[in-house]
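This report concerns only the one structure given below.
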Amino acid sequence: MLDARFLTRNGMTARQLAAELLNQRTDSRLPRIRDYAERLGVGNGTVQAALQLLESTGAVQTEARGHLGTYLRAVDRAGLWQLAGLGTMLAAMPLPYSRRYEGLATGLREAFEDAEIPFALTFMRGAQVRLDALLAGRADLIVVSRLAFEEFGADRPIAQLADLGVRTFVGAHGVLLRAGASLDDPGLAVAVDTSSADQQRLTRLVFAGRPVRYVETSYMQLGELFRRGEVDATVWNLDEVHQHIDGEVTTIPFDEVTSTDLAGRNSSAVLAVRADDSPALDAMRDRLSAELVTRTQQAVLTGDRLPSY
């Protein structure tokens, strides 16, 4: 329950000031009181009282250094986040069916904890589903491929928080063929997942102009469809694919059948957010470490760290 002091005029200004201070570095000089007053549209005395209120909670400690100004000595960023009323940031990513995705989930949790930003993780299958959740405010950050982000970003109010680089979303895509089948066989039954912008686009690109029949499916059904002989081919994430498809299939590396540039864009993970200027977005942009995400993911991939998310 919010302290009653933060429901007063000074308290409301303290909550705004808490958001302003989230990205202030420790041992750095604070803006002048009148600068904050102008920015927040209140009087100097209100800002001074608001700062004293934040100090009384232990969220910040400041030190006056004469003509040098006032410096931030210590800060409890999790406390500031709570006082600013920003809530828990919810990130949505693909289901963690591969070790790469488990590493990504572990890296996100590590980076948010390091940034002292309250965080929760949810899993949603399909980039379009995650995009819809972001735009509807049901998620604050989503993980999509570079390929999907470029397709979505053209006409939707989303922004890139970070590009984690190649092989952070998937290791590689490839064509899966039922044993004995050929890409040139007429009438191939090709599995396509319409909930996945990446898989659908790549599959239709590879099989464009070929006399095939598309079968709508999801990765959870793929193994069973191959076993039953109901599909002959598809394009799929090769990460641990043989743990999900126990039938005999042949794999063809993606770059042998289409553009390597496209394959690279598809393998890069992008952290996307709504394109607004909210304090929460500013705090994530300035404090979340993409390098920590990828370093942790790599440690999970090499077995040096157990997944934890």
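For this structure, a couple of remarks:
- Alpha carbon centroid spacing (whole Å) that separates the stretch 295-309 from the stretch 162-204: 26 Å
- Angle in degrees between helix 99-114 and the longest Cα principal axis of the chain, rounded to the nearest 10: 0 degrees
- Considering only ALA197, LEU83, THR106, the residue lying farthest towards the positive end of the dipole of the chain is LEU83, judged by Cα position with unit charges set on Cβ.
- TYR214 contributes an accessible area of around 80 Å² to the protein surface, as traced by a 1.4 Å probe with all chains present.
- Estimated inter-spin distance, ASN44 and LEU7, nm [label 7 Å along Cα→Cβ]: 3.2 nm
- Ranked order, THR168, THR57 - accessible area, probe 1.4 Å, largest first: THR57, THR168
- ARG213 - accessible surface, heavy atoms, 1.4 Å probe, Å² rounded to 10: 130 Å²
- With every protein chain in place, the stretch 173-260: carbon and sulfur % of accessible area (1.4 Å): 45 percent
- Accessible surface of the stretch 4-84, 1.4 Å probe: 45 percent of it comes from carbon and sulfur atoms.
- Net charge contributed by nearby residues that have their C-beta within less than 14 Å of THR296 (K/R +1, D/E -1): -1
- Most to least accessible of THR217, THR250 (protein chains only, probe 1.4 Å): THR250, THR217
- Per-residue surface analysis assigns GLU116 an accessible area of about 70 Å², computed on protein heavy atoms at 1.4 Å probe radius.
- Taking only the alpha carbons of the chain, we obtain Rg and Dmax values of 24.5, 82 Å in that order.
- Sorted largest first by accessible area at a 1.4 angstrom probe radius, with every protein chain in place, the residues LEU301, LEU205, LEU40, LEU147 fall in the order LEU205, LEU301, LEU40, LEU147.
- Residues in the chain average 47 Å² of solvent-accessible surface per residue, probe 1.4 Å, ligands and nucleic acids excluded.
- Gyration tensor (alpha-carbon) shape descriptor, the stretch 4-84, a/c threshold 1.5: oblate
- Loop-located trypsin sites (Lys or Arg not before Pro) in the stretch 32-128 whose Cβ has at most 12 other Cβ within 10 Å (DSSP): ARG65
- Near ALA139: Cβ cut-off under 10 Å, other residues only, Lys/Arg at +1 and Asp/Glu at -1. The net charge is +1.
- Placing +1 on the Cβ of every Lys and Arg and -1 on the Cβ of every Asp and Glu, with no other charges, gives the chain a dipole of roughly 860 debye about its Cα centre.
- Helical runs (DSSP H, four residues minimum) scored at -39500 (n - 2.57) apiece and divided by the length of the chain put the mean residue ellipticity at 222 nm at -12000 deg cm²/dmol.
- When the Gaussian network model of the chain links Cα atoms closer than 10 Å, the mean-square fluctuations of ASP155, ASP114, ASP163 top out at ASP155.
- Put a plus charge on the Cβ of each Lys and Arg, a minus charge on the Cβ of each Asp and Glu, and nothing anywhere else: the dipole of the stretch 75-215 about its Cα centre is then about 520 debye.
- Degrees, to the nearest 10: 197-206 long Cα axis against longest axis of the chain: 30 degrees
- Overall, the stretch 181-233 carries a charge dipole of about 80 debye about its Cα centre when +1 sits on the Cβ of Lys and Arg and -1 on the Cβ of Asp and Glu, all other atoms neutral.
The values are calculated or read from the model by the stated rules, or taken from the named source; none is laboratory data. Only a predicted model underlies this, so the values are computations on that prediction, with no experimental measurement involved. Methodologically, a virtual Cβ is constructed for each residue, glycine included, from the backbone with ideal geometry; neighbour enumeration extends over all protein chains shown. Quick note on the areas: whole protein, heavy atoms, side chains included, nothing else; ligands and nucleic acids left out. Shrake-Rupley method; radii C 1.70, N 1.55, O 1.52, S 1.80 Å.
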